[in-house]
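Notes follow the structure.
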Amino acid sequence: MTEPATIDAAVEVRDLTRTFGARKALDRVTFDLPTGAFLSIFGPNGAGKTTLVKVLTTLTAPSKGTAKVSGFDVVADAVELRSRIGLISHNPLLYPDLSAEENLVFFADMYGVPDAATRVRELLVAVELDHRRLDLVRTFSRGMLQRLSIARALLHRPKVLFLDEPYSGLDPHAVEILDHLIEQIRADHTFVMISHDLVKGLALCSHALILAKGKVVLSAPREELDEAEFAETYRATVGLGVA
């Protein structure tokens, strides 16, 4: 498939709806995210955050509406889109009976990463796991698994990186490693991150979005947000259980 023309929006969502039986996990969600931006998505459990990311990463099909990532439709262009995005989620998506190096080599081959051996070693060093590269993944701690999953997601230099609570389960040192990695690659990627941490999410983002009951409660660039008003909106729709 031909690459789409250069676009201003890395993510375009229009009236996106996803139903599960009678329940609407997403209810006419609409927003744009500029290329190079960092979106933090906030909301309570069950708000639709993970469902939204699953739709945008082609893991779940929408019931209605449309969504494009890097100009590719999440349904019609799903195969092409998958090679241009990365996903870090609660599931590390790693093979426990392979070593760290074997896991990354497998995914590098799957994505057709050029000079895979060099790229794998580079990322193992970046996430400070090079000394454990020959160890089986099933021997790794939760924090180490998350660090290796970060390396997996970055292997093919995706244009858009999706982060579903990436800091969950990380010890302070692993948090520092992830922060440093994001800082290093931020200029070359667009980020979409789910977060329950208002302070961390707002510190990282260029754009913020609150979901509640599958609907967009607030969506705005970071510079347009008053932090106190944002926190109050979050509490009113989420913290008090109204959402």
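For the range 43-75, name all the residues that are in a strand (DSSP E or B) and either closer than 13 Å to V160 by Cβ or within 14 Å of the chain's Cα centre (by Cα) (or both).
Within the range 43-75, A67, K68, V69, F72 qualify.
Of these, L129, L154, L170, which one is of a type in the set (A, V, I, L, M, F, W, C) and at pLDDT 95 or above?
That would be L129, the only listed residue that is of a type in the set (A, V, I, L, M, F, W, C) and at pLDDT 95 or above.
Determine, yes or no, whether R222 is surrounded by fewer than 21 Cβ atoms within 10 Å (Cβ to Cβ), at positive phi and modelled with pLDDT of 90 or more.
So R222 fails the test.
Name the pairs: first residue in the range 91-114 and more than 11 Å from A151 (Cβ to Cβ), second residue crowded, with 20+ Cβ neighbours inside 10 Å and charged (D, E, K, R), Cβ to Cβ under 7 Å, at least 6 apart or on different chains?
L93/R152; V113/R119
Yes or no, residue by residue, for (1) part of a loop (DSSP other than H, G, I, E, B); (2) in contact with a Leu (Cβ under 6 Å, 6 or more places away or on another chain); (3) more than 26 Å from V69 (Cβ to Cβ):
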position: Y167; (1), (2), (3): yes, no, no
position: E176; (1), (2), (3): no, no, yes
position: R186; (1), (2), (3): no, no, no
position: M193; (1), (2), (3): no, yes, no
position: K200; (1), (2), (3): no, no, no
position: V216; (1), (2), (3): no, no, no
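Does the range 112-131 include one or more residues that are part of a helix (DSSP H, G or I), over 28 Å from H196 (Cα atoms), hydroxyl-bearing (S, T, Y) and within 22 Å of the chain's Cα centre (by Cα)?
No.
Being small (G, A, S), surrounded by 14 or more Cβ atoms within 10 Å (Cβ to Cβ) and on the phi > 0 side of the Ramachandran plot narrows it down to one residue among S70, S99, S40, S89; which is it?
S70
The values are calculated or read from the model by the stated rules, or taken from the named source; none is laboratory data. Note that the coordinates shown come from a computational prediction; the quantities given were computed from them, not determined experimentally. Reconstructed Cβ throughout: ideal geometry from the backbone, glycine too, with neighbour counts over all protein chains shown.
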